[in-house]
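To start, the structure under review is shown below, and the notes come after it.
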Amino acid sequence: MDRRTFLSWVGVGTLASSLPVVLAACTSGDSPSPDTSDPSPAATTADGFTEVGKLADLEGNGFLIQEDFSGAPLLVIFNPDDKTKVVAFKNQCTHNQCPVDWNADEGTLNCPCHGSKFKADGTVANGPAKDSLPTYEAKVEGDAVLVKAG
Ligand code: FES
């Protein structure tokens, strides 16, 4: 056997011996595939509400924030007049779009940028903002806080 024939046989043998490994890697088999799904997809109910958080988190923090709800930040608080209900706001001050902070002691939503304050229903308590914070329909079902994009 000359050198060329020997090398071609070694090449064929190497290819043949690695074929089962290549085939095993290409088949699905029983090995689990990586989980690429979103670990916490927002569940939307049949009536158009989307879960934005858990009641326990709202109770613990006094508010819920979602950075992107229907294209804008969201803030959810308990209704101070009826703690069994929740109020959801587009969390952008109507003066110049700064996010507001819930101040439970004052019962107001305060803008840190220029001092506007909003009542717990979103109406202006003092400016410079002139318009109310937009609100969304919101409710609690079981342990879920649900908001409907409007
Ligand atoms: S952005 Fe809120 S008071 Fe100016």
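The values are calculated or read from the model by the stated rules, or taken from the named source; none is laboratory data. Fair warning: this is a prediction, and the values are worked out from it, not measured in the lab. Methodologically, a virtual Cβ is constructed for each residue, glycine included, from the backbone with ideal geometry; neighbour enumeration extends over all protein chains shown. Note: accessible area is taken over every heavy atom of the protein model, side chains too, but ligands, DNA and RNA are not part of it. Shrake-Rupley method; radii C 1.70, N 1.55, O 1.52, S 1.80 Å.
At 1.4 Å probe size, put Cys113, Cys93, Cys98 in order of accessible surface, largest to smallest.
Descending accessible area places them as Cys113, Cys98, Cys93.
Hey, with R₀ at 25 Å, roughly what FRET efficiency would Asp131 and Ser70 work out to, going by the Cβ-Cβ distance, to 0.05?
The computed FRET efficiency comes out at 0.85.
Leaving ligands, DNA and RNA out of it, report the carbon-plus-sulfur percent of the accessible area of region 82-126 at a 1.4 Å probe.
The nonpolar share, carbon plus sulfur, comes to 46 percent.
Considering only Cα-Cα distances, which of the following residue pairs are longer than 25 Å: Lys54/Lys117; Lys90/Lys117; Lys83/Lys130?
Lys54/Lys117; Lys83/Lys130
Probe 1.4 Å, all protein chains in place: accessible area of Thr44 in Å², nearest 10?
90 Å²
When ligands, DNA and RNA are left out and all protein chains stay put, how many square angstrom of accessible area per residue does region 49-144 have with a 1.4 Å probe?
Here the residues of region 49-144 average 53 Å² of exposed surface.
Normalised by the number of residues in region 49-144, what is the relative contact order in percent for Cα pairs under 8 Å and 6+ residues apart?
24 percent
If you rank Glu51, Glu59 by how much accessible surface each has, with a 1.4 Å probe, what is the order from largest down?
Final ranking, largest accessible area leading: Glu59, Glu51.
Using 0.36 nm times the number of residues separating Lys83 and Lys119, minus their current alpha carbon distance, what extension gain do you get?
11.4 nm
Tell me the accessible surface of Leu55 in square angstrom (1.4 angstrom probe, heavy atoms of protein chains only), to the nearest ten.
Approximately 40 Å² for this residue.
Gain in length, Asp105 to Asn61, computed as 0.36 nm per residue apart minus the alpha-carbon separation, to one decimal in nm?
The span from Asp105 to Asn61 would gain 14.5 nm if fully extended.
Are there trypsin sites (Lys or Arg not before Pro) in region 65-150 that DSSP puts in a loop and that have at most 13 other Cβ atoms within 10 Å, and which ones?
Listed in order of number, the matching sites are Lys130.
How much solvent-accessible surface does Ile77 expose, in Å² to the nearest 10, with a 1.4 Å probe and all protein chains in place?
Ile77 exposes around 0 Å² with every protein chain in place.
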